[in-house]
Structures are given as structure tokens and as C-alpha cells.
Amino acid sequence: MNPLVIGLCTLSVATFSFAQQIPTSDAPQEKASISFHLENDVFIGNDDCYTNGVRFGWQSASTTDDESFAGILGTMLGGTNASNSWKQIMGMTGSDHLRQQWGINLTQKMFTPEHRYSSPLYGSQPYVGHLALGLSSLVKNEDRANSFEFQLGTTGSASLGKGAQHFVHKLFDMEQWPGWGTQMPSELTLNAYFKRFYRLRSLETHYASGLESDALAYWHIDAGTVKCQAGAGFTWRIGYELGNSVPDNFIMGANTATPFVYNRKAADWGYYGYLHGAIRAVAHDLYLDGTVFHSYPEYVNKYPVVAEGGIGFGVRYKDFDFLFGLHYSTRQYTSQESNQCHGVLQMRYSF
């Protein structure tokens, strides 16, 4: 586990309260929210490869106002400020309940070899720290959503990966990893993440007892100096009083808001189990291929296709959402000894 400075968890909620929008119609509205997302392999006892990811996020309330900051950002995704022809291209026509939101987030990721090497070895995952600040936009209706995020970040010592892991391992009396002095060099990173969501109504069920199920599918394209890849996936849930919360299973380019305009009325309590599956084709991965603008040895040969899956459960109480899951991925480079598993912990509070 890897905390950044505890104060980051709030992300200065008061500073951003101005961005909450006043509802302008009778369609369902979503509140602003703050969120915390942790991915760590300590949940299953390992400490290798992708060893930790932590993300603090803030998301605005949903709005129809095309002159708001959310409306301006949402124009490129087919929001209320876009032309009818562009809305059609972006799949945002045919609904009177078009909504948009924007958000900011701070994300840190760490990677270490499968064994406690004091320096990178050919055939092993290099030491990598990455810290990034993201600006996101979300446009959605009842059946589709477009999500976009732009991240500006850094690798190397400025990512704070070495110090953060050292602090946590010392705090919990864990072995230190001795190779951070040879981590990937400091370099400015730029990356964009686009994701299109589809609501799968054919898999939705609703019973008088409160038992429900729902599902979504998506495809995504990521481009920049961190990731150049494309993929698709799905999430299926079943539980009691699902409400409007839907989990997003990836820390980079994640969407911390509900991806559809739901018209659900639910009890204060709700819970569910979920299954997730995805596949992606990878052209460039900074964490394996190395930095773009600095010379860095290529220690591993990555696989061009990676499959992922996850299982977990979520609990909702009023405006608080909690999720825990175990997520698996196939080997990402040829000399990797085994598939990888890490635990996922998400918390979100809407206000």
C-alpha cells in the first residue's frame, strides 16, 4: 500500500465547489464526488511488476449548461454545446437527458522487478515511478457515454516512487527494494485516454424483491508517451438495489462518475458482485519499453496483446460507494514468470 500526502485525499473540495451545477431539467442529476482508488499486489502477497497504483479524484456535478466549464470541455465529446452533426458522430443524439461533467485527478504508479534486484537485468521489469495530473471530461445519456482524459506527468525521481515505497515498507517492516537508484530517468509524459461506453439493456433485470443486474461494454484508445494501445471490455453486475453507481476497473483513464444517466430510485443500502473482462492491443508501453525522449535500454520483449479479468463486490450506502476486487492480467512480456494479480480498492463519496 502506498499513501501520498494524506491531504491530497480531499483535493481541496472547497476550492472546487463552485463547479457544481444547478439542475436545469427534471432528468436525473448526479452530484459532485471525491474518490480514492488503490491498486496493489500486497492483497495477494506478491510485490513485483505492477506493485502499486493510487489515484485521488474529484468530479463535478452533472449539468446541461453548455456555457459551464463541463459544457465547454464536453463539446468535443458531443455535449450540449456541440452541433447536431457532431453529436451524431459521437453517438449523443436521440436523448433529451444529455449530461456532462468534468474532473481532475492525481495518479501515481510504481513498477519493480519480479525479484529484489539491485539493478535492472535484461529479461526483468525495470524500476519505474510515474506521477501524473489529469483533466477529464464525460458526456453521457441513458445508453451511451464518451469519456476523455488528458494527463501530464513525470517519471524518475520527481514521481516520488522511491520515497513513497521506502516509507510504506519501513512503516510496515517490509523488505526494501534496493534498485530504485537505477529507475527509469525523469521525463515529461503526455497521454490522452478516450473511452466509449454502451449500456447493455438486454442484460438488465429488475425484480420486485430488489434483486437487479446490469451490464456495460466499452472500447478505448490511448495515445501518448505513456501508452499507445486500443482495447475493449465489459462489466456485469448482480445484486440488491444497485442504485446509480457503476465500477470502473482501471486506474489510468478511469471514470469516477456513473457513465450513464440512470433513472433509478434505490433504498439507502445496496450491494452487488461483479465480473469484468477486457483485452487490449499494445503498441507502446512506457513501463516496459522505456522513456521516449531519453535513451534507456529495452530490458524486456512485451506481448502485443494482453487479456484481463476481474471479480469483486461493491457496497453502497446513500452517497458512499465502496468496491473491492481481485484483477488478473496475462503475462505482459515474454520472460515474465507468471500472470499477475492485484487487489483493487475504490471509495467514492458524492455530495
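The values are calculated or read from the model by the stated rules, or taken from the named source; none is laboratory data. For clarity, every value in this text was computed on a predicted model and none was experimentally measured. Note that each Cβ is placed from the backbone with ideal geometry, even for glycine, and that neighbours are counted across all protein chains shown. The accessibility values were calculated without ligands, DNA or RNA, using every heavy atom of the protein model including side chains. Shrake-Rupley method; radii C 1.70, N 1.55, O 1.52, S 1.80 Å.
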Which residues, taken from segment 306-351, are of a type in the set (Ser, Thr, Tyr), part of a strand (DSSP E or B) and open to solvent by 20 Å² or more (accessible area, probe 1.4 Å)?
-> 317, 328, 349
Filtering segment 50-93 down to residues that are surrounded by fewer than 20 Cβ atoms within 10 Å (Cβ to Cβ), over 24 Å from residue 132 (Cβ atoms) and touching a residue at least 24 places away in the same chain (Cβ under 8 Å) yields 65, 90, 91
Within the bounds of segment 118-136, is there any residue that is touching a Lys or Arg at 6+ places or on another chain (Cβ under 9 Å), touching a residue at least 40 places away in the same chain (Cβ under 8 Å) and either hydroxyl-bearing (Ser, Thr, Tyr) or more than 21 Å from residue 187 (Cα to Cα) (or both)?
-> yes
Out of curiosity, is residue 162 modelled with pLDDT under 95, in a helix (DSSP H, G or I), in contact with a Phe, Trp or Tyr (Cβ under 6 Å, 6 or more places away or on another chain) and surrounded by fewer than 22 Cβ atoms within 10 Å (Cβ to Cβ)?
-> yes
State all residues of segment 174-230 that are within 20 Å of residue 258 (Cα to Cα), among the hydroxyl-bearing types (Ser, Thr, Tyr) and touching a residue at least 60 places away in the same chain (Cβ under 8 Å); if no residue qualifies, say none.
-> 193
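Yes or no, residue by residue, for (1) among the hydroxyl-bearing types (Ser, Thr, Tyr); (2) over 24 Å from residue 176 (Cα atoms):
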position: 38; (1), (2): no, no
position: 64; (1), (2): yes, yes
position: 70; (1), (2): no, yes
position: 82; (1), (2): no, yes
position: 86; (1), (2): no, yes
position: 89; (1), (2): no, yes
position: 123; (1), (2): no, no
position: 135; (1), (2): no, yes
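Per-residue answers, yes or no, for (1) at pLDDT 80 or above; (2) over 18 Å from residue 52 (Cα atoms); (3) among the basic types (Lys, Arg):
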| residue | (1), (2), (3) |
| --- | --- |
| 187 | yes, yes, no |
| 199 | yes, yes, yes |
| 217 | yes, yes, no |
| 224 | yes, yes, no |
| 227 | yes, no, yes |
| 243 | no, yes, no |
| 252 | no, no, no |
| 261 | yes, yes, no |
